[in-house]
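Each reported figure results from applying straightforward, stated rules to the coordinates on display, with no laboratory input. The model shown is predicted, which means the values in this text are computed figures rather than measured ones. Please note: Cβ atoms are built from the backbone with ideal geometry, for glycine as well, and neighbour counts cover all protein chains shown.
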């Protein structure tokens, strides 16, 4: 990762934060973006305090002009863009389809799916100038299976897999690799609203018998983004404690 410049969305907490810290540890210059400004700046300051290179820019991934500004910020700050990790997302409204609000549906699709398109649109333009690049889109196990009460989230994450595969076919011959990661239920702020009993029930859905950690997901993202995965593109990698094996 030395001399590599990476954008990570949703990097103020959870998987994004762990990924930012890991990339910085391996020598990358990390552009941290999040809608949570205080937490994003804190993550950035911690990386710098530990000897890493990082900069923060507040970004609402649901706004295409802000995703374009994010890429421009990376290039202005570090001169190029090598890697992008499109991680930002929300859990969203939990309701059966007949009861789900139109607003709730649209918000999840905008943040979890449309943002991937907005991100890649501008990220790929920058990477084409380099003649190479790697993009890792964070999907979910719900990109491969359904989950009652989470139709919008499930639809969005299925869409992340589809757009990742299509983009990989379009740009692999031009040196840009694009892959998707499918975390199982991970111990992140997205689960903070759940009580201990519900978390225990979710953990039991994984044959490994526990929830995952952000650091475990970050290790897979690092590998996919690196030159060690140079023959890997258009693929979907679950990191799910055996969830999808059932």
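Extension gain for residue 200 to residue 148 (0.36 nm times residue separation, less C-alpha to C-alpha distance): 16.9 nm. Here the sum of -39500 (n - 2.57) over DSSP H runs of 4 or more residues, divided by the residues of the chain, equals -13500 deg cm²/dmol at 222 nm, to the nearest 500. Taking only the C-alpha atoms of region 47-152, the Rg (one decimal) and the largest Cα-Cα distance, Dmax (whole number), read 16.3, 51 Å.
Distances between every pair of Cα atoms in region 165-246, grouped in 5 Å steps from 0 to the bin holding the largest one, split as 3, 15, 20, 18, 15, 12, 9, 6, 2, 0 percent.
Taking 1 over the mean of 1/r across every pair of different Cα atoms in region 78-135, what Kirkwood radius in Å do you get? Before the final figure, lay out the partial values.
Numbers: mean 1/r = 0.0758 Å⁻¹.
This gives a value of 13.2 Å.
A P(r) calculated from all alpha carbon pairs of region 123-212, with 5 Å bins opening at zero, reads 3, 13, 18, 18, 15, 12, 9, 7, 4, 1, 0 percent. Of the labelled figures (1) 51, 44, 32; (2) 47, 39, 34; (3) 64, 35, 29, only one reflects Cα extents along the principal axes in Å as derived from the coordinates, namely (2). Rounded to the nearest 10 degrees, the angle from helix 64-78 to the longest Cα principal axis of the chain is 40 degrees.
Mind ordering 202-215, 9-22, 110-123 by average Cβ neighbours within 10 Å, highest first? The partial results should precede the final answer.
Numbers: 202-215: 15.4, 9-22: 26.2, 110-123: 22.1.
So the order, starting with the most tightly packed, is 9-22, 110-123, 202-215.
Here region 68-107 and region 168-205 have alpha carbon centers that stand 14 Å from each other. Distance from the alpha carbon centroid of region 217-246 to that of region 16-39 works out to 19 angstrom. Peptide packing: for 35-42, 92-99, the average count of neighbouring Cβ atoms within 10 Å per residue gives the ranking 35-42, 92-99, highest mean first.
Each Cα pair under 8 Å and six or more residues apart adds its separation to the average, and for region 5-245 the resulting relative contact order is 20 percent.
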